Amino acid sequence: MSEAYDAAGLGRSIRELRNERGWTQIRLASWLGVSRATVVALEHGGPVSLQMTMRAVGLLGGKIVVAPKVDRTTSPRKTA
């Protein structure tokens, strides 16, 4: 499972899913109803809508999970 902390990381994860399934960028574009250039932008963290990103992840059998990002460089806060 890949973790992504920015748009570029999410794009890399989508590219990994696509490659694992043996799909070309053209095939994914066809399923999404967009151009190959849009898939390239998506895989490079470019300006693509959240809806398009969610559709691509779903088509590729993945999921997006939103979780708190833990900063391991600082100690946990003490509660009173």
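The values are calculated or read from the model by the stated rules, or taken from the named source; none is laboratory data. Not measured: the values here are computed from a predicted model. Cβ atoms come from the backbone with ideal geometry, glycine included; neighbour counts cover every protein chain shown. With ligands, DNA and RNA removed, areas are computed over all heavy atoms of the protein, side chains included. Shrake-Rupley method; radii C 1.70, N 1.55, O 1.52, S 1.80 Å.
For the chain, report the accessible area per residue in Å² (1.4 Å probe, heavy atoms, rounded to an integer).
Working: 6130 Å² over 80 residues.
Result: 77 Å² of accessible area for each residue.
Remark: spin-label model distance ILE26-ALA7 equals 2.7 nm, labels positioned 7 Å along the Cα→Cβ axis.
Classified by the C-alpha gyration tensor, the chain has a prolate form. Its axis ratio a/c, with a ≥ b ≥ c, is 1.5 or above, and a/b is larger than b/c. With the simple model of a label 7 Å out from the Cα in the direction of the Cβ, SER49 to SER35 spans 1.7 nm.
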